[in-house]
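Step one of this worksheet: look at the structure below.
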Amino acid sequence: AAGAVRADGQVALAAVTNCGGVLEYASAALREDRQVVLAAVAKNGLALCYASEALRDDRQVALAAVANEGSALRYASAALRDDRQVALAAVTNCGRVLEYASAALQDELAEVGRHELRESACELLQASASAAAAGECGGLLPLLCDPDASLQAAGARMAAQACAAGSAAEPAGAR
């Protein structure tokens, strides 16, 4: 009876729609079923690790997985880890997954990330300076109190250096 449930596509689809991780218990045939796997990774991107090798190489499946959970990139095929759109979607979801992208893309995406981080950090510094000048509490510190604080702090240091060098001295509308 348990084997019949594992092989029943409708039961599996309902199960993975509720909890993507149950793809682990599906039959090999269901792990090759695109509809079942798409439903699983939409609910839990990390379920990509249980998908068939062919579906780990399916661009739409990988995009759905990394949109849900950026670190699912590690389970995508090597070809998709070298796909700029897939890697960018993963890194956008979670910047810490850059290490799972291909070496060629890591350099490119890191540069994109550094540029965006500089822009954001300069804006944060300018907002913080305005708040401090107005006597409002805290400056930058409250903006850095979250799980990604070390990344933001590094970005703030980079932005402060860039701003001090005059690269951020232009008015916000001039960009």
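The values are calculated or read from the model by the stated rules, or taken from the named source; none is laboratory data. Worth saying up front: this structure is predicted, and the values here are computed from it rather than measured. Don't worry about glycine lacking a Cβ; one is built from the backbone with ideal geometry, like all the others, and counts go over all protein chains shown. Accessible surface areas use protein heavy atoms only, side chains included; no ligands, DNA or RNA. Shrake-Rupley method; radii C 1.70, N 1.55, O 1.52, S 1.80 Å.
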For the ranges 14-22, 64-72, what's the packing order if you count other beta-carbon atoms within 10 Å of each residue, average per peptide, and put the highest first? 64-72, 14-22
Between N18 and D82, the FRET efficiency computed from the C-beta separation at R0 = 30 Å comes out, to the nearest 0.05, as 0.35
Calculated FRET efficiency, T92 and Y25, Cβ-Cβ r, R0 22 Å, to nearest 0.05? 0.10
For segment 38-84, place one equal point scatterer on every Cα, skip the solvent, and apply the Debye formula. What is log10 of I(q)/I(0) at q = 0.28 Å⁻¹? -0.95
Where does segment 1-100 land on Rg(C-alpha)/(2.2 N^0.38 Å)? 1.03
How long is the gain from A104 to E53 if the chain were fully straight, where each residue apart is worth 0.36 nm and the alpha carbon distance is subtracted? 16.1 nm
First compute the accessible area of segment 1-90 with a 1.4 Å probe, then give the percent of it belonging to carbon and sulfur atoms. 52 percent
